[in-house]
Amino acid sequence: MSFELIGKHEKDKRANRDAYNDAMLELMAENDKVCHTDADLLSCINGKRMKAEYPDRVFNAGIAEANAVGVSAGLAASGMIPFVHSFACFASRRVFDQAFLSVGLSELPVHIIGSDPGICAAFNGATHTALEDGGLYRNVPGMVVIDCADYAQTKAMVKKLGALDKPSYLRMVRKGIVQVYADGSDFEIGKGYELREGSDVTIIASGIEVDEALKANEALAAEGISARVIDMPTWKPIDEEIIIKAAKETGAIVTAENHNIHTGLGSAVSEVLAKNIPTPMEFIGVNERFGQVGPQDFLMKEYHLVSEDIAAAAEAVIARK
């Protein structure tokens, strides 16, 4: 297991959804039990390649997301390894009862993919803005919850899910995303990754906030502040060891997530700290607001998710040490 950090803050020319398809095509070639169920959004994730190569293992449940999850649970109970996709708002709020009971309670290895989580819904607006999806799934016993940072991480994590005999929920941006890691980088479920060393404060981020955390690290360094940066792609089970080590060595923590500050990454980290080593914290995320229509860059600034907000939070938490 190894990764190579690029961290140049450059947009990937590829659509991130193709990382999912690349991984799925590899999994389907390796194992004839792997299949995909969609809620009439196959074209939205460029899934036509899967359908063309494996027509008997790609299913369209139509605009019936709860049924798609129920069908996938039935497939899993029959020995298949199903991945089921919809937009994050539908893959969480709309299907939660089926995910909790048909998948979670039944302990079936169904892998739910929620695309365009948080403010990445952009022009799809408030109805499609899922700011609580990861938090919902953290409440399902035995459920693995993942928030991917870029193409390489998405591909690696989807491949890992193919061998995971547990249910999961993975947050995935569909289109434009910053390239954080080199292609071929590998990651493990349940592990956090230190990307930059630091001694004054630790920034723990996931998803699209990883690049913002790296930019905040650079801005803080220019002010003489040493900020450690940790990528935490797995929210559950979370890497307690790396969190506790960071708290002991830096004494201050900032979390950054494209999610409601309640029940998501910040909550998961604070639970670890409260139990093991109470530490001053600041939370970057959406606070008591619904979504709205707009380009992603605008929404990131509107909801205070950019590097300047992370840097300010780091300075504030250092003052509380």
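Assorted remarks:
- Using alpha carbons only: equivalent-ellipsoid semi-axes of the stretch 171-213, gyration tensor based, whole Å: 20, 14, 11
- Entry comment: accessible area of the stretch 60-180 is 31 Å² per residue, from protein heavy atoms only and a probe of 1.4 Å.
- Measure of compaction for the stretch 56-152 (Cα Rg per 2.2 N^0.38 Å): 1.05
- Overall Cα dimensions of the stretch 107-203, principal axis frame, Å, largest first: 37, 36, 29
- On Cα atoms only, tilt of 17-30 relative to the major axis of the chain in degrees: 50
- Counting only alpha carbon atoms, the long axis of helix 240-250 and the longest principal axis of the chain meet at about 20°.
- Split the accessible area of the stretch 97-168 by element, probe 1.4 Å, and carbon with sulfur accounts for 55%.
- Structural size metrics of the stretch 146-231, computed from C-alpha coordinates, are Rg and Dmax of 14.0, 47 Å.
- Tail weight of P(r) past 17 Å, computed on alpha-carbon pairs of the stretch 13-103, percent: 46
- Two-decimal log10 I(q)/I(0) for the stretch 252-321, as the Debye equation yields it once each C-alpha is a single scatterer, q = 0.11, 0.17, 0.21, 0.24 Å⁻¹: -0.28, -0.63, -0.89, -1.06
- Long-range Cα-Cα pairs in the stretch 48-98 (distance over 12 Å), rounded percent: 65
- With bins 20 Å wide beginning at 0, the percent of Cα pairs of the chain falling in each bin runs 35, 57, 7.
- Bridges between two residues of the chain, per DSSP, are antiparallel at a rate of about 15%.
- In plain terms, the bigger the Kirkwood radius, the slower the diffusion; for the stretch 200-321, with that radius from Cα pairs, at 4 °C and 1.567 mPa s, Stokes-Einstein puts D at 91 µm²/s.
The values are calculated or read from the model by the stated rules, or taken from the named source; none is laboratory data. Quick caveat, the model's predicted, so the values are computed rather than measured. These area figures cover heavy atoms from the full protein model, side chains too; ligands, DNA and RNA do not enter into them. Shrake-Rupley method; radii C 1.70, N 1.55, O 1.52, S 1.80 Å.
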